[in-house]
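K.L.:
Could you have a look at this structure, given as structure tokens, before my questions?
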Amino acid sequence: MDFTLLADNTPDPEHRLESEHGLSIYFEIDGKRWLLDVGASDLFARNAEKLGIDLSEVDFLILSHAHADHTGGLRAFLERNTKARIFLSSHIDGRRFISTRHNAPHDISIDYSLLDEHHDRFMFLCADLAVTPSVYIHTPIPHLYPAVRANKTLMADNEQDDFNHEMAVEIRDGNHGIMLSACSHLGLFNTLSTARGEISTYIGGLHLVDSDPTHHFESEAEIREMGKMLQSTHPRLYVCSGHCTGAHAAAILQDVLGDRFRLFYTGYTIHTA
């Protein structure tokens, strides 16, 4: 099956499409059309039109978590689509989500007014759900392994965000398992631990943000060890990443994992067996 990036930080090499700090992924399975996230603006919708994807026909929208770079295009989606069921974690619970990176603290919350205006469109999840025979939403993600360090710059109200509002998507396509996790704030290994079966392809950001003069996150040695652990525990796993995976972290994982790691970009289509 195919997964198409309607929005990502990295522009497409042919410059046909627009890009932004955000993520949106389109796919089809079980006779249904799906979106994971809607980016930071209506950019994903403009790109979908250029790619010949009719958003009015989408059956299900899954919002992976309540941050604006994944939900900012929600109004644009609702203007174009009147039928899709929209899934969101019940653990957002009206909280205000704040980022402290780069400058003064700033609000990165979902637009709560849209949840009120279109309340009949939303299904709030507090536990795993089988949406169709092949698609499962996992929430909350367990805390079996350490989460990524960049989380320390992200707040929920007045506390560090615990990301119990993050959701992952597992697709069972024949003998293949595919995991979608838009940002993996709770870490790659915690997200993989939710799987019902073996995962052959992992698609999504890893939130391994590159350190800067103000913030120090995972070291090169730690990222390299993560790659080696992945080789040991999931030797057949293919990782396709982007969005919140820093360039330095990506280069290290590419070095460790070789052709089992690849970066995506806006307009990229991932083909799985």
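K.L.:
Which lysines, if any, have their Cα less than 20 Å from the Cα of K83, not counting same-chain residues under 8 positions apart?
P.N.:
K32
K.L.:
Across bins of 10 angstrom width beginning at 0, how are the C-alpha pair distances of region 134-273 distributed, in whole percent?
P.N.:
Spelled out per bin, shortest first, that is 12, 44, 36, 8, 1.
K.L.:
Projected onto the charge dipole of the chain (+1 at Lys/Arg Cβ, -1 at Asp/Glu Cβ, origin at the Cα centre), which of H216, A156, I137 gives the Cα projection farthest towards the positive end?
P.N.:
Of the listed residues, the answer is I137.
K.L.:
What residues qualify as long-range amide H neighbours of D173, i.e. H under 5 Å apart, gap of 5 or more or another chain, H built at 1.01 Å from N?
P.N.:
I178
K.L.:
Please give the net charge around D42, taking every other residue with its beta carbon less than 15 angstrom from that of D42, where Lys and Arg add +1 and Asp and Glu add -1.
P.N.:
Combined, the nearby Lys, Arg, Asp and Glu give -3.
K.L.:
Starting from the 7 Å offset along Cα-to-Cβ, what nm value, one decimal, do you get for the label separation of T10 and D173?
P.N.:
Going by the 7 Å Cα→Cβ label model, 1.9 nm.
K.L.:
Further question: Can you give me the Cα centroid spacing of region 38-81 and region 231-273 in angstrom?
P.N.:
A separation of 24 Å, based on Cα centres.
K.L.:
So for region 174-233, considering every pair of alpha-carbon atoms, how many percent are separated by more than 15 Å?
P.N.:
Beyond 15 Å sits 57 percent of the P(r) for region 174-233.
K.L.:
Sticking with this structure for a sec: Determine the dipole magnitude for region 107-226: charges of +1 sit on the beta-carbon of Lys and Arg, -1 on that of Asp and Glu, nothing else is charged, the reference point is the Cα centre, and the result goes in debye to the nearest 20.
P.N.:
It comes to approximately 480 debye.
K.L.:
Test of understanding: what is the full-extension gain from H216 to L144, defined as 0.36 nm times their sequence separation minus their Cα-Cα distance?
P.N.:
Residue separation times 0.36 nm, minus the Cα-Cα distance, leaves 23.6 nm.
K.L.:
Related question: Return the FRET efficiency for the residue pair R46, A127: r is the Cβ-Cβ distance, R0 is 25 Å, and the value is rounded to the nearest 0.05.
P.N.:
On the way: r = 35 Å, r/R0 = 1.41.
Rounded to the nearest 0.05, the efficiency is 0.10.
K.L.:
While we're here: State the antiparallel share, in %, of DSSP beta bridges confined to the chain, rounding to the nearest 5.
P.N.:
Of all bridge pairs located within the chain, approximately 65 percent are antiparallel.
K.L.:
Pop out the ³J(HN,Hα) list for region 205-216 in order, Karplus 6.51 cos²θ - 1.76 cosθ + 1.60 with θ = phi - 60°, rounded to Hz; leave Gly and Pro as x.
P.N.:
For region 205-216, the Karplus curve yields x, 10, 6, 8, 6, 5, 5, 9, x, 9, 10, 10 Hz.
We did not get these values from a lab; they are worked out from the coordinates using the rules stated. What you see is a predicted model, and the numbers here were worked out from it, not measured in a lab. Methodologically, a virtual Cβ is constructed for each residue, glycine included, from the backbone with ideal geometry; neighbour enumeration extends over all protein chains shown.
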